[in-house]
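The values are calculated or read from the model by the stated rules, or taken from the named source; none is laboratory data. Because the structure is a prediction, the values reported are computed rather than measured. Every residue, glycine among them, receives a Cβ derived from its backbone with ideal geometry; neighbour counts consider all protein chains shown.
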Amino acid sequence: MALKHLISERSAELPDIELGGMLSIAVRDHKVISLGPGEPDFKPPPHVIKAAQTALAKGFTHYSPGEGRVELLEAVSRKLKRENSIAASPENIMITNGSTEGILLGLMATIDPGEAVLVPDPSFVAYIPTVELLNGTAISLPVIPDNDWQLIPELVKKQVKEPKRTRAIIINTPANPTGAVYSKKTLEALADIAIENDLLIISDEAYEKFVYAGAKHISPASLNGLADRVLTLQTASKTYGMAGFRVGWAAGPPKLIAAMRKLHLYTSLAAGTSNQLAAVAALNGPQSSVKKVVREFDRRRKYMYRRICQLSSDFTCREPKGAFYIFAKFALAKRWTSAKLAEHLLKTAHVVTVPGSDFGRYGEGYIRLSYATAMPHIEEGLDRLETAIKKLR
């Protein structure tokens with residue numbers, strides 16, 4: 001006889017997102033072109049692969065300390081100072097299994113049941129569910145193309161009605177799925193609100209290197225007065241093509257990092273040892289391959305943006321300045337939800353896109369397309385979409 005209460009309410013109430021099922025189909029069906037994944041198509045640089053192989057050959061197959069290996073903590077500390085103007089000592093840093101685990105540990109260490117977190121919407125699929133898994137309240141703040149997809153400070157002020165209950169605000173720059181790169185003016189305005197209302201800023205910077213068209217990535221923790229008020233989350237996944245290595249890092253106030261390190265012992269314990277040593281090689285080694293990849297992604301970005309603008313009068317989008325996505329609005333909303341449209345395009349054009357509803361309620365009416373795949377796939381995928389959309393009209 002089956003258990004009557006097998007599944008918890010928190011698990012049952014997690015939203016079902018379309019992306020997972022679509023990517024499974026893409027893997028099984030070789031006719032499908034995927035413009036859905038948020039993973040670069042390039043391999044890690046050769047010296048990174050060699051470092052991982054050498055570590056395994058030398059027997060680095062055992063547990064690492066929960067906070068991370070000292071070599072990587074020191075490499076991250078130097079990187080943050082050199083590239084982000086963040087003065088973080090190794091004691092104020094911890095290594096995580098990708099930046100997604102950093103989001104989880106940071107929120108676990110910050111909020112208690114019933115407390116609120118301000119979240120941009122649309123945004124990365126994990127933000128709102130993670131808050132809700134911890135019995136917190138996620139307050140969606142709409143971001144709009146007319147404001148370059150950035151949080152609107154005036155709206156943030158209105159939402160902070162109970163400072164004792166609102167504990168944090170999440171900022172993602174460059175942003176998934178919109179490609180927004182936050183301006184210094186907006187970040188300074190949000191910083192003032194955080195200071196006035198005693199909020200932690202959780203800064204997700206997974207796409208920090210992927211900026212284009214003269215845009216510049218600014219880490220909130222580098223701004224005056226924010227050193228002890230920002231949790232900075234970064235990762236090797238996007239920058240070095242190391243998504244499968246699962247290595248990220250968090251830097252922030254000493255008390256917060258200490259709490260996160262403590263929680264780490266009760267979750268995944270530590271990131272993989274050989275993977276951490278590969279990340280050391282990535283951070284300390286030559287960076288020319290990163291610049292080459294960003295140039296290639298910029299080429300793909302320009303092409304995809306131009307093609308989508310020409311695709312159909314039913315589709316419009318704002319040119320992204322960061323990350324590697326186009327977030328396109330469609331004028332078929334009376335007949336199609338974003339999930340139904342994405343499903344239809346998969347069935348008829350054999351192309352994976354991601355419905356905007358996966359990224360929050362304000363993402364409805366959009367689909368996300370990724371240019372983190374090879375140019376021939378982008379060209380063929382867009383050709384197929386053009387044919388399918390003409391039939392829709």
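ASP198 fulfils the conditions (1) at positive phi; (2) buried (at least 18 other Cβ atoms within 10 Å of the Cβ); (3) among the charged types (D, E, K, R) except for a single criterion, (2).
Taken over the range 187-221, the criterion of being more than 21 Å from LYS79 (Cα to Cα) and in contact with a Pro (Cβ under 7 Å, 6 or more places away or on another chain) is satisfied by LEU187, ALA189, LEU190, ALA191, ILE193, ASN197, ASP198.
Within the range 30-67, which residues are assigned to a helix (DSSP H, G or I) and of a type outside the set (A, V, I, L, M, F, W, C)? Reasoning before the result, please.
Step one: list which residues in the range 30-67 are assigned to a helix (DSSP H, G or I), which gives 46-57.
Within the range 30-67, PRO46, HIS47, LYS50, GLN53, THR54 qualify.
For the range 76-87, the count of residues that are in contact with a Leu (Cβ under 9 Å, 6 or more places away or on another chain), modelled with pLDDT of 95 or more, over 13 Å from ALA250 (Cα atoms) and among the acidic types (Asp, Glu) is zero. Pairs meeting the criteria (first residue in the range 203-228 and not assigned by TED's automatic domain parsing to the domain that holds TYR325, second residue modelled with pLDDT of 95 or more and of a type in the set (Asp, Glu), beta carbons under 6 Å, at least 6 apart or on different chains) are TYR212/ASP298; HIS217/GLU208.
Considering only the range 38-48, I want to know if a residue exists there that is of a type in the set (Gly, Ala, Ser), modelled with pLDDT of 90 or more, in the same structural domain as GLU380 (by TED's automatic domain parsing) and crowded, with 16+ Cβ neighbours inside 10 Å.
Step one: of the range 38-48, the residues of a type in the set (Gly, Ala, Ser) are 38.
Right, trim to modelled with pLDDT of 90 or more and you get none.
Among the residues of the range 38-48, not one is of a type in the set (Gly, Ala, Ser), modelled with pLDDT of 90 or more, in the same structural domain as GLU380 (by TED's automatic domain parsing) and crowded, with 16+ Cβ neighbours inside 10 Å, which makes the answer no.
Within the range 96-104, the presence of at least one residue that is aliphatic (A, V, I, L, M), assigned to a helix (DSSP H, G or I) and either outside the structural domain of SER237 (by TED's automatic domain parsing) or modelled with pLDDT of 95 or more (or both) is confirmed. When the range 319-332 is filtered for residues that are in contact with a helix residue (DSSP H, G or I) (Cβ under 6 Å, 6 or more places away or on another chain) and in a strand (DSSP E or B), the ones remaining, listed by number, are ILE326, ALA328. Based on this model, can you work out whether VAL70 counts as aliphatic (A, V, I, L, M), assigned by TED's automatic domain parsing to the domain that holds SER268, out of contact with any helix residue (DSSP H, G or I) (no Cβ under 6 Å at 6 or more places or on another chain) and surrounded by fewer than 20 Cβ atoms within 10 Å (Cβ to Cβ)? The answer is yes for VAL70. The set of residues in the range 348-372 that are farther than 30 Å from SER140 by Cβ and buried (at least 18 other Cβ atoms within 10 Å of the Cβ) comprises ALA349, HIS350.
Among the residues of the range 87-94, are any touching a residue at least 60 places away in the same chain (Cβ under 8 Å), part of a strand (DSSP E or B) and either more than 16 Å from ALA168 (Cα to Cα) or out of contact with any helix residue (DSSP H, G or I) (no Cβ under 8 Å at 6 or more places or on another chain) (or both)? Yes, the range 87-94 contains at least one residue that is touching a residue at least 60 places away in the same chain (Cβ under 8 Å), part of a strand (DSSP E or B) and either more than 16 Å from ALA168 (Cα to Cα) or out of contact with any helix residue (DSSP H, G or I) (no Cβ under 8 Å at 6 or more places or on another chain) (or both).
Is it the case, given these coordinates, that ALA271 is assigned by TED's automatic domain parsing to the domain that holds ARG167 and either β-branched (Val, Ile, Thr) or at pLDDT 95 or above (or both)? Give the steps one after another, and end with the answer.
Numbers: assigned by TED's automatic domain parsing to the domain that holds ARG167: yes; either β-branched (Val, Ile, Thr) or at pLDDT 95 or above (or both): yes.
Judged against the criteria, ALA271 is a match.
Within the group THR186, THR173, THR239, which residue is in contact (Cβ under 8 Å) with a residue 12 or more places away in the chain, farther than 20 Å from GLU319 by Cβ and outside the structural domain of TYR325 (by TED's automatic domain parsing)?
Numbers: THR186 fails: farther than 20 Å from GLU319 by Cβ; THR173 fails: farther than 20 Å from GLU319 by Cβ.
Being in contact (Cβ under 8 Å) with a residue 12 or more places away in the chain, farther than 20 Å from GLU319 by Cβ and outside the structural domain of TYR325 (by TED's automatic domain parsing) holds for just one of THR186, THR173, THR239, which is THR239.
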